[in-house]
Amino acid sequence: MRSGRWVLVTWLIIGALAAGQRHYFTQIDGSCAKFATIGLTMVSGPLNYIGLNPTANCKVPEPSK
């Protein structure tokens, strides 16, 4: 169990590095899509370096008038 925890932490760190290299942390505009893209990039971890480029599109419903 201990080694699995380290694999998960390492996986997420590699994903955070990939998001940082793509400048996702400096371009945060508060949108749902930007946060989702950062999360997907971090979760996909090392797969980012073999060509995976996850992006997300979110549509938040507008309140009725």
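With axes computed from alpha carbons, what is the tilt in degrees of helix 2-21 against the longest principal axis of the chain, rounded to the nearest 10 within 0 to 90?
The answer is roughly 50 degrees.
Can you compute the helix-only [θ] at 222 nm over the chain? Use -39500 (n - 2.57) per DSSP H run of at least 4 residues, normalise by all residues, nearest 500 deg cm²/dmol. List each step's numbers first, then the result.
Numbers: 2 runs with 33 residues, N = 65.
My calculation for the chain gives -17000 deg cm²/dmol from helical runs alone.
On the principal axes of its Cα set, how long, how wide and how thick is the chain? Give whole Å, largest value first.
Largest first, the chain extends 54, 26, 19 Å along its Cα principal axes.
Quick check on packing: order 14-21, 47-54 by the mean number of other C-beta atoms within 10 Å, highest mean leading.
Put in order of decreasing packing, that is 14-21, 47-54.
Any chance you could run the full-extension gain for residue 60 through residue 16? It's 0.36 nm times the residue separation minus the Cα-Cα distance, nm to one decimal.
13.3 nm
Once both axes come from the Cα atoms, what is the angle between helix 32-44 and the longest principal axis of the chain, in degrees from 0 to 90, rounded to 10?
Compared with the principal axis, the helix lies near 10 degrees.
No lab work stands behind these numbers, since they all come straight from the coordinates. Values in this document were obtained by computation on a predicted structure and should not be read as measured data. All Cβ positions, even for glycine, are placed from backbone atoms using ideal geometry, and neighbour counts span all protein chains on display.
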